[in-house]
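Heads up, the thing below is written out as structure tokens.
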Amino acid sequence: MIVTTPAIIVKSRKFKESSKLLTAYTRDFGKLSFVANGARRMSKKGGSRFGSALDPLSLCTLSFQKKEGRDLHTLISAEAIHSSLDLQQSYDVLTTGFALAESILSTQLEEQVLPDIFDRVVEALNALHSLVAAHGEHVRPSQAETVLIHFYIKLAESIGIALHPFRCPITQEDIHPRQAEHFTMSLSDGAPFQPRIAGYHQGYRLDTYALEALQELFSMESTKVCTRNYEAFVIGQLHEFLGRYFVYHCERQLTPRTDAFIREA
């Protein structure tokens, strides 16, 4: 059966002399693996017959031969909707995009169909494209990483482990970041304990500015994310907290190698 679906290329590697093995996150079939025969063979005009559609982080339309019970599907055609070429203008945007792709590889099962998550990935990629369009190679690392953190927050919501950053899980009282200098975050609820009872509970410690950023990003639309620019220590705390939060709830770890590399840079 030949099927067509929107997809995002999340992994690509060489296969034999002229082909590629691909992993794509598709809207209609979840994460799938493909062989693209002849994808590395150059035409007389100097390009591949697939063009830039199979570059990592490209949003494209894939047509392929799908057979039940197969782990590897044969790609027939690919057409780029939004090429990833412009993301290469900024090192920080490109590495953030790779961390985004790795988060899909590490958290999504094969053929697990979750269109909401696909749409979240597209929104995050669009935000990265917007950053490059506005700043070119001068995108600040914190701007790109904010897009990734916002995606992590929305990913948690989409897989059923949404954070609750506005209310204490014990007293059910509203939490305002300026109540204290630091807050203890519950890893089971993704919620801050009231400062007066925080000493009786274990969790991850967030600075008041980090909690304020978490609350802001939780409520923010994806189109607004690329306008935010937080301090590096705020970004670092949110990365660490969200990584631990996903480890607590999921067998599959959220924090991929690229994300760890960003944190060490």
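The values are calculated or read from the model by the stated rules, or taken from the named source; none is laboratory data. Nothing here was measured: the structure is a model prediction, and the numbers come from that model. We place every Cβ from the backbone using ideal geometry, glycine too, and count neighbours over all the protein chains shown.
Figures for the structure shown
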quantity	calculated
Only listed residue being assigned by TED's automatic domain parsing to the domain that holds residue 53, among the small types (Gly, Ala, Ser) and either in contact with a Cys (Cβ under 8 Å, 6 or more places away or on another chain) or closer than 25 Å to residue 218 by Cα (or both), chosen from 78, 101, 134	78
Residues within the stretch 19-40 that are part of a strand (DSSP E or B), among the aromatic types (Phe, Trp, Tyr) and within 13 Å of residue 61 (Cα to Cα), tallied	1
Residue pairs meeting the criteria (Cβ under 8 Å; at least 6 apart or on separate chains; first assigned by TED's automatic domain parsing to the domain that holds residue 50 and over 19 Å from residue 124 (Cα atoms), in the stretch 1-24; second outside any strand (DSSP E or B) and of a type in the set (A, V, I, L, M))	12/54; 18/39; 19/39; 20/39; 20/54; 22/54
In the stretch 181-209, residue nearest to the chain's Cα centre (by Cα) [restricted to those that are touching a residue at least 24 places away in the same chain (Cβ under 8 Å) and in a helix (DSSP H, G or I)]	209
Qualifying residues in the stretch 144-166 (those that are in contact (Cβ under 8 Å) with a residue 40 or more places away in the chain and not in a helix (DSSP H, G or I)) - the one nearest to residue 98 (Cα to Cα)	159
Residue in the stretch 152-168 that is hydrophobic (A, V, I, L, M, F, W, C) and closer than 21 Å to residue 95 by Cβ present	yes
Subset of the stretch 99-124 [assigned to a loop (DSSP other than H, G, I, E, B) and not charged (D, E, K, R)]	108, 109, 112, 113, 114
Residues satisfying the stated conditions in the stretch 57-71, i.e. assigned to a loop (DSSP other than H, G, I, E, B) and either touching a Leu at 6+ places or on another chain (Cβ under 8 Å) or of a type outside the set (Gly, Ala, Ser) (or both)	57, 66, 67, 68, 70, 71
Qualifying residue in the stretch 167-180 (condition: in contact (Cβ under 8 Å) with a residue 24 or more places away in the chain, assigned by TED's automatic domain parsing to the domain that holds residue 126 and touching a Gly at 6+ places or on another chain (Cβ under 7 Å))	no
Verdict on residue 52 being part of a loop (DSSP other than H, G, I, E, B), touching a Ser or Thr at 6+ places or on another chain (Cβ under 9 Å) and of a type in the set (Ser, Thr, Tyr)	yes
Residues of the stretch 104-139 that turn out to be over 20 Å from residue 86 (Cα atoms), touching a strand residue (DSSP E or B) at 6+ places or on another chain (Cβ under 9 Å) and among the polar types (S, T, N, Q), as a count	2
Residue that is surrounded by the fewest Cβ atoms within 10 Å (Cβ to Cβ), among those in the stretch 210-225 that are in a helix (DSSP H, G or I) and hydrophobic (A, V, I, L, M, F, W, C)	218
Filter result (of a type in the set (Ser, Thr, Tyr) and in contact (Cβ under 8 Å) with a residue 24 or more places away in the chain) within the stretch 45-54	52
Single residue of 10, 3 found to be within 19 Å of the chain's Cα centre (by Cα) and in a strand (DSSP E or B)	10
Residue check, residue 26 crowded, with 17+ Cβ neighbours inside 10 Å, on the phi < 0 side of the Ramachandran plot, of a type in the set (Ser, Thr, Tyr) and in contact with a Cys (Cβ under 7 Å, 6 or more places away or on another chain)	no
Inter-residue pairs, beta-carbon under 7 Å, first assigned by TED's automatic domain parsing to the domain that holds residue 10 and in the stretch 55-75, second modelled with pLDDT under 85 and exposed (fewer than 11 other Cβ atoms within 10 Å of the Cβ), 6+ apart	66/1
